Amino acid sequence: MAQSDGAVQARLVRAGLDLLAEEGVEALSLREIARRAGVSHGAPRRYFPTHRALLAAIAAEGYRELGRRVAEAVGDPAGPDPSARLLALGRLYLEFARTNRGMFELMFRHDLLRGNGIGLREASRPLFEVLVELVARARPERDGAPPPAVAAGALWANLHGIAQLWQWGSLQMTVGTGEVEPLLQAAIDAHLGPPVPAETAARRH
């Protein structure tokens with residue numbers, strides 16, 4: 001019996017996920033994904049209009065998995081102790097990068113995903129909004145401070161840089177440490193300043 005379009009699409013995405021985990025982003029050709037999915041090499045074009053659309057569907061699975069982990073680790077971003085939640089989020093982000101190298105690269109390769117038509121913004125935006133909320137609640141209010149979204153974007157870029165440079169071994173060699181935790185804490189402190197007392201954070205919201 002012929003499989004539904006949805007079933008074939010799911011097989012193609014699953015094959016792409018397996019290939020990404022085993023061989024990395026550069027291995028994600030349409031032909032190899034089709035071969036692994038057990039379909040003809042032209043089949044992906046019938047279910048995804050472009051190569052980028054299929055790559056985006058694979059990347060969307062990464063965003064969903066990261067979102068699930070964030071929800072478990074952080075819970076309600078409006079809850080108590082935003083500084084501790086922000087630290088937990090940072091640890092999770094670095095761990096996700098370490099254990100999902102291919103996916104971590106694909107999720108942020110705008111050059112590969114641009115114009116995909118899948119709507120990755122809807123998958124990625126809620127994750128960034130969690131970070132913005134935690135930053136807004138965790139940092140002291142001071143004159144001239146950038147808006148929470150800007151501060152969150154700068155912190156995210158810092159965390160992403162730590163994750164990438166750590167994977168390459170550059171930070172360990174340059175800084176002379178085998179522990180990533182001090183770098184994570186320094187990044188958070190540099191962008192947010194001293195923690196906001198719990199009672200102050202509660203009054204803000």
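Bear in mind these aren't lab numbers, they're just calculated from the coordinates by the rules spelled out. Every value quoted in this text rests on a predicted model; they were computed, and no experiment measured them. Reconstructed Cβ throughout: ideal geometry from the backbone, glycine too, with neighbour counts over all protein chains shown.
Some points to look at:
- Taken along its principal axes, the alpha carbon cloud of the chain reaches lengths of 62, 41, 28 Å, longest axis first.
- Among 18, 5, 111, the order by Cβ neighbours within 10 angstrom, fewest to most, reads 111, 5, 18.
- Label point distance in nm, residue 168-residue 150, each placed 7 Å from Cα along Cα→Cβ: 2.8
- For the chain, excluding the exposed loop sites themselves (GluC sites (Glu not before Pro), DSSP loop, at most 16 other Cβ atoms within 10 Å), the longest remaining stretch covers 1-140.
- Each 10 Å bin, from zero up to the one with the longest distance, holds this percent of the alpha carbon pairs of the range 105-156: 22, 41, 26, 11, 0.
- Rg/Rg_globular for the range 1-86, with Rg_globular taken as 2.2 N^0.38 Å and Rg from C-alpha atoms: 1.42
- Rounded to the nearest 0.05, the FRET efficiency derived from the C-beta distance between residue 122 and residue 72 at R0 = 22 Å is 0.60.
- Along the chain, longest interval not containing exposed trypsin sites (Lys or Arg not before Pro), exposed being DSSP loop plus at most 11 other Cβ atoms within 10 Å: 1-113
- Distance between the modelled labels on residue 114 and residue 179, one decimal in nanometres: 4.2 nm (7 Å Cα→Cβ projection).
- Overall dimensions of the range 75-189 as given by Cα atoms, namely Rg and Dmax in Å: 15.2, 44
- Rounded to the nearest Hz, the phi-derived 3J(HN,Hα) couplings of the range 148-155 under the Karplus curve 6.51 cos²θ - 1.76 cosθ + 1.60 (θ = phi - 60°) are x, 5, 5, 4, 5, x, 5, 5, where x marks glycine and proline.
- For the chain, the 222 nm mean residue ellipticity estimated from helices alone, with every DSSP H stretch of n ≥ 4 adding -39500 (n - 2.57) and the total spread over all residues, rounds to -22500 deg cm²/dmol.
- For the range 29-133, the fraction of C-alpha pairs farther apart than 25 angstrom is 31 percent.
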